[in-house]
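Each remark here refers to the structure printed beneath this line.
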Amino acid sequence: MARQTIQPIDKERVMRDGDFIVSKTDLKGRITYANKIFKEFSGFTENEFLGKQHNLVRHPDMPRCVFKLLWEHIQNGQEIFAFVKNICKDGGYYWVWANVTPSMDAQGNVLGYYSVRRKPNPKAIPHVAALYRQLLQIEQTAGSRDAIEASRAHLLQLLNQQGVSYERFILDLQSL
Amino acid sequence: MSDSSSTSSRFELGHAAALLLVAVLGSAMAVRGLLAHPKDLSLWVGLVLVLGLTLWGWLDLRKEQHLLSRIDEVLDAASKGELEPRITQIPEQGRLVEAAWRLNETLDQIEAVFRESITVVTRIGEGDLAASPKPRVCMASTRKCWCAWLRCNKTWPARWTCSVRPCVPWLREIFRCVSPPRGSRVSTWPS
């Protein structure tokens, strides 16, 4: 059941147009709620994911810097968009277009996080997959300690070259 | 206690009372028969069956009532504008299982719309008009509208037909530009 024991296999599940995966986590990233479509795509039962870290569905092809960026945004109370490759219980995978927003109380304190995942633009996936492969390779070369900083620096350099922010870059990809 | 919770409690009490009545009547009949014929095996089997079925019914009822109470609580919170709570630990089977999932899905949709609307409004307020779906289309229809207006050399009543009518698509475009499209707003963001 643990993430480490899942062997990735080359079996893709494609989200349908109206699919809408929703999950909520507490401040530490533990899942407090996930909807039926999340169950369907991940293959986990409710008892298997409730209380577990959201990285339960993290695919090993995902570079760590993307999640670092995601956490930085949401911990500062900002929303973030990202393309994410998730792993299923059987080792398969599915791509999502994720939007994560913090849940706040009336005083503006962050109580948890709310994530909506929709079908990503299929035209964007080859570009994103290539970028993530590149970032992952940089992380593997840099070693565990410097992995995130190295891939993050590369990502920022790419964005600077294109003269766009991370968000604009991601939104543009989804609109290809 | 909210109205919905008290309704649920009344419902629960009614079911429990009915179950208890069936158990008491069934056991009483079996015990009465056993007093007259203590060695009758079928009466013993009947008594065990009545008690077993009562216990099973009681446990099943408790499970259903627990789910019903959760549905009540979540609906109660939603009716007060609190869209965060959801029903979790939904059993695999039962009469209320589908209703519980559907309630969650409904709240998911409503919450997503609220969150996305807040994002769009905030960004527009900050001067980020990237939420406009197709600004070039808007510009084209604006030009069309103004050209029609300038070329129209008629009196005011006739002006309505020759110049205002071409502006109707422009007004529609403007409306579309300032309001995010339904469903996935991000899919139509930058053009």
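Only lysines eight or more places from A:LYS52 in sequence, or on another chain, were considered; those with a Cα closer than 29 Å are A:LYS11, A:LYS24, A:LYS28, A:LYS36, A:LYS39, A:LYS68, A:LYS85, A:LYS89, A:LYS119, B:LYS63.
Once every DSSP H run of n ≥ 4 in chain A is given -39500 (n - 2.57) and the sum is divided by its residues, what mean residue ellipticity at 222 nm do you get, rounded to the nearest 500 deg cm²/dmol?
Working: 6 runs with 66 residues, N = 176.
The helix contribution divided over chain A gives -11500 deg cm²/dmol.
In this structure, A:GLN7 and A:ASN47 have a Cβ-Cβ separation that, at R0 = 25 Å, corresponds to a calculated FRET efficiency of about 0.65.
For A:SER103, the residues 5 or more places off, or on other chains, whose built amide H falls under 5 Å of its own are A:LEU111, A:GLY112, A:TYR113, A:TYR114.
Residue by residue along A:74-80, Cβ atoms of other protein chains within 10 Å of the local Cβ number 1 on average. Restricting the trypsin sites (Lys or Arg not before Pro) of the range A:72-173 to loop positions (DSSP other than H, G, I, E, B) with no more than 10 neighbouring Cβ atoms within 10 Å leaves A:ARG145.
Rule-based calculations on the coordinates, nothing more; no lab input. Everything numeric in this text was worked out from a predicted model, so none of it was measured. Cβ coordinates were reconstructed from backbone atoms using ideal geometry, including for glycine residues, and neighbour counts include every protein chain displayed.
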